[in-house]
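Asks: Quick one: the structure is below, questions incoming.
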Amino acid sequence: MKGLSLSSMKSHPALIPLYVCVGLGCCGAVLYTLRLAVRSPEVSWNKRSNPEPWNEYSEKQHKFYSPVRDYSTTQTQAPKYD
């Protein structure tokens, strides 16, 4: 295919920034998806050690910053599954 080999990229140097930008965008999307899968409290990978992981986050603050309300003192509205 034209434009995908190194010899054709040498003859069309304007395609090089396009490939770099698309490659960086794909890498960024993959890294962000991995970050969401690993760091989010909504995702549970190990259900044997903690079968109910949602109870662990019932009293923790999810909001990063709020100038109006202190979320550490409010009670959760989530139901308790006991």
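Read the figures in this text as sums done on the coordinates, not as results from a lab. As the structure is a prediction and not an experimental result, all values here were calculated from the model.
Asks: HN-Hα J couplings of the stretch 21-37 from phi, Karplus 6.51/-1.76/1.60, θ = phi - 60°, integer Hz, Gly and Pro as x?
Replies: So the J values, rounded to whole Hz, are 5, 5, x, 5, x, 5, 5, x, 5, 5, 5, 5, 5, 5, 4, 5, 6.
Asks: Quick one: grab the alpha carbon gyration tensor of the stretch 1-49, order the square roots of its eigenvalues as a ≥ b ≥ c, and give me rounded if a/c is under 1.5, else prolate or oblate depending on whether a/b is larger than b/c.
Replies: Here the stretch 1-49 falls in the prolate category.
Asks: Could you calculate the contour length gain from Val38 to Asn55, that is, 0.36 nm times the residue separation minus the distance between their Cα atoms, to one decimal place in nm?
Replies: Answer, rounded to one decimal: 4.3 nm.
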